[in-house]
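Below you'll find the structure, written out as structure tokens, and then a few comments.
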Amino acid sequence: QVQLVESGGGLVQPGGSLRLSCAASGSIFRTNTMGWYRQAPGKQRELVATITRGGSTNYADSVKGRFTISRDNDKKSVAPQMSSLKPEDTAVYYCNADITNRNDYVRRDYWGQGTQVTVSS
């Protein structure tokens, strides 16, 4: 069984910074692409940023230049550093990982439970 555990959400003022973290654990052979998505009230879940095992990144246009995603392959973790936060960044942020399971070597998509980020004065 594989789990993704997120941390780091909270309340921050506009213009502030916040760092989220997500760590994968369980029957893992390899963590492939990892990333973060978010869902605001009344809206669909959308991409925030992804990073491949080799370090290639992809960002939503709305966060380019403000968010930086990084990962630690040994720790099976991924963390976005979010800066210059805006009220429109308010959402539940979800960690996502494409993981090869150690038990059957099948790649599956896994999601964390979500962490709330609120940007407000």
(Q) As an exercise: evaluate Ala97 against (1) exposed (fewer than 14 other Cβ atoms within 10 Å of the Cβ); (2) in contact (Cβ under 8 Å) with a residue 60 or more places away in the chain; (3) of a type in the set (A, V, I, L, M, F, W, C) and give the number of the one condition it does not meet. (A) (1)
Q. Which pairs do you get when a residue that is under 10 Å from Gln39 (Cα atoms), found in region 80-92, comes within reach of a residue that is crowded, with 18+ Cβ neighbours inside 10 Å and of a type in the set (A, V, I, L, M, F, W, C), reach meaning Cβ atoms under 8 angstrom, with the pair 6+ apart or on two chains?
A. Asp89/Val63; Asp89/Met82; Asp89/Val117; Asp89/Val119; Thr90/Val117; Thr90/Val119; Ala91/Val117; Val92/Val117
Q: Inspect all residues belonging to region 60-82 and state whether any of them is among the aromatic types (Phe, Trp, Tyr) and open to solvent by 50 Å² or more (accessible area, probe 1.4 Å).
A: no
Q) If you check Gln39 against the conditions, is it touching a Leu at 6+ places or on another chain (Cβ under 9 Å), open to solvent by 60 Å² or more (accessible area, probe 1.4 Å) and closer than 22 Å to Ser7 by Cβ? A) no
Q. Does Asn73 qualify as being modelled with pLDDT under 95 and polar (S, T, N, Q)?
A. yes
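The values are calculated or read from the model by the stated rules, or taken from the named source; none is laboratory data. All of these numbers come straight from a predicted model, not from anything done at the bench. Cβ sites come from the backbone with ideal geometry, for glycine too, and all protein chains shown count toward neighbours. When the accessible area is computed, the model is the full protein with side chains, heavy atoms only, and any ligands, DNA or RNA have been set aside. Shrake-Rupley method; radii C 1.70, N 1.55, O 1.52, S 1.80 Å.
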